[in-house]
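Student: Before I ask anything, let me first share the structure, which is written out below as structure tokens.
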Amino acid sequence: MNTNRMRFFKFIIFTLISVAALAQPSRISSEQYIIKYKDFAIAEMYRCGVPASITLAQGILESQSGNSRLARDANNHFGIKCKTTWTGKTITADDDAVGECFRAYDTDLESFKDHSNFLRENWRYTECFTLEKTDYAGWAEGLKKAGYATNPKYNSLIIGIIDRYNLHQYDLMAKPDGIIPEYNQKNNNIPVVYAQAGETMDLIASRNELNSKQIYRYNDLQKGTTIEPGDIIYLKPKRRRAYESYHIVQEGEDLYAISQHYGLKLKQLYKNNHLEKGEEAVEGTKLYLQSKSSSKPATISRAEFDRIEAEKKNSPLQVDIQKSKPKDAIEPNVILKDLPKEEINTSKEFHIIKNGDNLYRISEKYHVFVEDILDWNAIDSPEDITVGDRLYLSKEAAVKAGKYKTPTPKKENTKTSSKSKTYTVLKGDTAYKICKIHGINSKQLLAWNNLKDIDSIREGQKLKVSE
């Protein structure tokens, strides 16, 4: 009888544990978090001036990639406390003290917007907004200096996340349609404003203590040119060098739009690429932004460019798309150019890197791990990929192409050997490095060690690396 009771109680306990486990929400990885929220971060960068890389890195750190209780139950991704000015919803959680008050939001987007506003409207972070949006290291240092968090290594943690996931690429993305910045900012270290509805160049000039002649000249425009809401307007002369070395021309881009995006003088853009007034670069060509190119890119006339764009705007398909867009939709942050026919991949054995691509978008598209892509293609860092590279999407395809190289164990790790079934994690190790050392993939590492995600490994941890 006692034995049966014990079995019954064990069954009940096991059932309760199983039900509790099933009730737990599934965790998302940092890569999934980036893919899910990058468009919010880019939109906020243009609305308020906080670099997208900083927003994403803070979200990953503060919300545990969206897995924290605050993020799950209150959509609070940045650990912002109530403060005396907050009149919205709240939630309590233990932090520096027990039961502290934190802000709660109805949606994730509200949290991202409040984070930008919180930094913009707080005098302690004023110094951050004097920095370039590409200076993420300076921003991280500024957040630490202003006391965003009590951790003395906060800046190093933020910079580490940005470098690890190549987040600074999002600081270079074009402004999404429909986003009109609300604050004065800088681009290429030049002060800029963004045109609001109903504004003219003359009005912007007067408001910023400039004469009309100056502001038209700074922006390579003829007097009387009409501007649209959201257009970038420079308040000082543009520069002869951009912050990027080159640009791949996207669909519908003209030379003027490119010069405005990078804060580069239009004449200098022509000069660097051996172009004449009245010429436009063909989509997919490479334009040099810091030095002279060795040859002239493929071009079309400005008249032909305008004709093609007019046809696109008047096509029935384009009209239907415009009508179906919700007013508050956040547009995709980049338009990917078409590949030449001979490079189109129909077998899904490989992917050709296009302008705007990144490993996380590619991994999402083909349902493979980022670490596996790096491993199969013998790439040391996500930053090593360039436009035009061919990435193989399976080990078999990489072996067939002669790309895959069998990893060799590190000799300097004295705590393990190539024949060892376990590995002790050293300082600076990542899941990708460990997989590469032992010739395994991240799926095996996760399964053999009952790990929830690749970010959960810690220094000193013993991992099974062989069956």
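Student: Give the long-range amide H neighbours of R239: residues separated by 5 or more places, or on another chain, with amide H under 5 Å away, using H modelled in the peptide plane at 1.01 Å from N.
Tutor: It is L264, K265, by chain and number.
Student: Next question, about the same structure. Cα centroid distance between the stretch 211-251 and the stretch 147-161, in Å?
Tutor: Taking the Cα centre of the stretch 147-161 as reference, the centre of the stretch 211-251 is 36 Å away.
Student: Run a plain Debye calculation on the stretch 140-195 (Cα atoms as equal point scatterers, no solvent) and give log10 I(q)/I(0) at q = 0.20, 0.25, 0.26, 0.30 Å⁻¹, rounded to two decimals, same order as the q list.
Tutor: Cα-only, vacuum Debye calculation for the stretch 140-195: -0.95, -1.00, -1.01, -1.07.
Student: As a quick test, which of the pairs K36/K144; K38/K81; K223/K267; K36/K365 have an alpha carbon distance above 20 angstrom in this structure?
Tutor: In this structure, K36/K144; K38/K81 lie more than 20 Å apart at Cα.
Student: Given H placed on each backbone N at 1.01 Å, which residues far from E100 in sequence or on other chains put an amide H within less than 5 Å of it?
Tutor: Here A93, D94, D95 satisfy the definition.
Student: Going by average Cβ density within 10 Å per residue, which order do the peptides 299-308, 27-36 take, highest to lowest? Write down the numbers at each step before the final one.
Tutor: Numbers: 299-308: 13.8, 27-36: 18.5.
Per-residue mean Cβ counts within 10 Å order the peptides as 27-36, 299-308.
Student: OK, next. Can you pull out the GluC sites (Glu not before Pro) in the stretch 92-142 whose DSSP state is coil and whose Cβ has at most 15 other Cβ atoms within 10 Å?
Tutor: Numbers: sites: E100, E110, E121, E127, E132, E141; in loops: E121, E132.
Listed in order of number, the matching sites are E121.
Student: When the expected Rg is taken as 2.2 N^0.38 Å, what fraction or multiple of it is the alpha-carbon Rg of the stretch 185-305?
Tutor: Values: Rg = 14.6 Å, N = 121, 2.2 N^0.38 = 13.6 Å.
Taking the Cα Rg and dividing by 2.2 N^0.38 Å, one obtains 1.07.
Student: Please sort by residue number the trypsin sites (Lys or Arg not before Pro) in the stretch 80-180 whose DSSP state is loop and whose Cβ has at most 12 other Cβ atoms within 10 Å. Show your work: numbers first, answer last.
Tutor: Values: sites: K81, K83, K89, R103, K113, R120, R124, K133, K144, K145, K153, R164; in loops: K83, K89, K133, K153.
Those that pass, being in a loop and sparsely packed, are K83, K153.
Student: Next question. As a quick test, which of the pairs K265/K292; K175/K354; K238/K312 have an alpha carbon distance above 21 angstrom in this structure? Each step should come with its number before you reach the end.
Tutor: Values: K265/K292 14 Å; K175/K354 19 Å; K238/K312 31 Å.
From K265/K292; K175/K354; K238/K312, over 21 Å: K238/K312.
Student: I would also like to ask the following. For the stretch 30-172, what is the convex hull volume of the alpha-carbon atoms per residue, in Å³? Please report the intermediate quantities before stating the final value.
Tutor: Values: hull volume 14.3 nm³, N = 143.
So the per-residue hull volume is 100 Å³.
Any read-out appearing in this document is the output of simple, stated calculations on the displayed coordinates, not a laboratory observation. Quick caveat, the model's predicted, so the values are computed rather than measured. As a convention, Cβ positions derive from the backbone with ideal geometry for all residues, glycine included, and neighbour counts pool all protein chains shown.
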